[in-house]
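Novice: Following this message is one structure expressed as structure tokens.
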Amino acid sequence: MGSKGQEANETRANETSTEQAQRSPSAVGAGARGLWVAALVMLMVGLVLSGELIRLHIEATSDAAYNSYCSVSETVSCDTVARSEYAIAFGVPLAVWGVFGYALMALIAGLGLRGRSRSMAAPFAGLAIFSLAVSLVLAAISHFLIQAWCLVCVGTYVVNLAVAVLSFYLLGKEGARASCRALLEQIAKERGRSRAVAGVVGGVALGLILFYPPAPEPVLLAAPQPEASGATPSTSSDAIPPLVPGTQIETGVTQDGLPWIGAANPVVTITEFFDYQCSHCRHAFHALHKLLAVNPDRLRLEVRHFPLNPDCNRFISRPIYQHSCFNAKLANCAGEQKRFWEAHEYLFERSGRKVEPTTFADALSLDAKKLDACLERDNPALDRDIEAGIALQLHGTPVFVVDGNVYVQRLPRFLSKKLRSPEGWH
């Protein structure tokens, strides 16, 4: 009896010491402690990089002329990646999701370091593998779809790879099955706390999706005044008030064959070089039409294609946008059937997506056979626009020409003053 009682006491003592060891920070082995510390350091690096990506995203999407330190070429450009449609998921910039993910993983790593190494190893490894998979998908998107790389993004990919490797060693030390079992036991013991943590994490994620503010449209009236226009009025970016409410906006074609919209006898004529797949061109499309709506008898917009794709543009070394040449031909062919401006709006609203000719013809009530025949022919109007852009040494879009002066991605500030003046200025 004494022997059995002694064995029972020893068993209870072992269980108690094991439970205390699991709860005590000293229970984390030296090897596991080092891995958790290394993981926390890498996650802090990830948080810093994600914070910088948020700043770059805000700058690039709110300022059409912004050029960051990590945009060194067409292939290596954080700005191009930040402005792409793939930089946002569920209405929230990926960089913000990065901060959310790194913070969550840092919380788990902190718990692992404070004595819950075994129960935290499995969820930490799961999140690390998920983050690495996301990095691989984003890298593929950068290479094949955006065709540009963000160096700061690549830094986060390296961080995710390092964290995944560390999580693998952690899981190996603790054992995958043992870790999952310990996690389930921990949840069962602390149901209230587990539900609270899950609610907070889920609530933050849902709050980001529901309440994250949309990115402001880039300011269009903000380019520096050209040196040649020293006699012009002082610069101003004030809103331009309506002049003739209810006036219908006219359209036409210039003697050179350029489609125009706005005033038949304009005070100001803007010539825009654009690409239908360019996100800033899409912003400019909306902004310019607002200007036209309140200045229909003073402002005229003339448009010229400049697709950023070597399939039709000899000045571009590698394709920035995949469908821009074809979309430009679609618009010009619609113009042959007197539907250019309808096509212009249709294509901008579907920027970045491939447009099927049949769907395009049906949407704009075009003669499908004439459209197909036009698409099969050469398009001299497109070639003319491209050569005009090459003569100006254009490398991107949108670009505006006002009174012979070229403005990259922005219009001059003095434009609003000039529109207010009935006679204009010279």
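Novice: I'm trying to understand the selection: among the residues of segment 99-131, which are more than 18 Å from M44 (Cβ to Cβ), in contact (Cβ under 8 Å) with a residue 12 or more places away in the chain and either in contact with a Ser or Thr (Cβ under 8 Å, 6 or more places away or on another chain) or not charged (D, E, K, R) (or both)?
Specialist: Result: G115, S117, R118, S119, A121, A122, P123, A125, I129.
Novice: May I pose another question? Taking W341 and the conditions (1) within 20 Å of H286 (Cβ to Cβ); (2) touching a Leu at 6+ places or on another chain (Cβ under 6 Å), which numbered condition does it fall short on, given that it satisfies the others?
Specialist: Condition (2) is where W341 drops out.
Novice: Continuing with this model, one more query. Which residue out of L166, L161 is surrounded by fewer than 17 Cβ atoms within 10 Å (Cβ to Cβ) and at pLDDT 95 or above?
Specialist: L161
Novice: Let me ask something additional. Looking at R118, R83 in this structure, which one is at negative phi, at pLDDT 90 or above and in the same structural domain as A162 (by TED's automatic domain parsing)?
Specialist: R118
Novice: Search segment 198-229 for residues being surrounded by 15 or more Cβ atoms within 10 Å (Cβ to Cβ) and modelled with pLDDT of 90 or more, and hand back the single one that is farthest from F414 (Cα to Cα).
Specialist: Filtering first and then ranking leaves A205.
Novice: Since V401 meets every condition but one in (1) in contact with a Leu (Cβ under 9 Å, 6 or more places away or on another chain); (2) part of a helix (DSSP H, G or I); (3) hydrophobic (A, V, I, L, M, F, W, C), which condition does it not meet?
Specialist: Evaluating V401 over (1) in contact with a Leu (Cβ under 9 Å, 6 or more places away or on another chain); (2) part of a helix (DSSP H, G or I); (3) hydrophobic (A, V, I, L, M, F, W, C) leaves (2) as the failure.
Novice: Give me the helices (runs of 4 or more DSSP H) completely within segment 290-389, filtered to those with at least 3 residues that are buried (at least 20 other Cβ atoms within 10 Å of the Cβ), out of contact with any helix residue (DSSP H, G or I) (no Cβ under 6 Å at 6 or more places or on another chain) and in the same structural domain as V81 (by TED's automatic domain parsing), ordered by residue number.
Specialist: none
Novice: Starting from residues that are touching a strand residue (DSSP E or B) at 6+ places or on another chain (Cβ under 8 Å) and either in a helix (DSSP H, G or I) or not aliphatic (A, V, I, L, M) (or both), keep the ones in segment 129-158 and report whichever is surrounded by the most Cβ atoms within 10 Å (Cβ to Cβ).
Specialist: Only one residue tops the list, namely C150.
The values are calculated or read from the model by the stated rules, or taken from the named source; none is laboratory data. Computed from a predicted structure; not experimentally measured. Cβ sites come from the backbone with ideal geometry, for glycine too, and all protein chains shown count toward neighbours.
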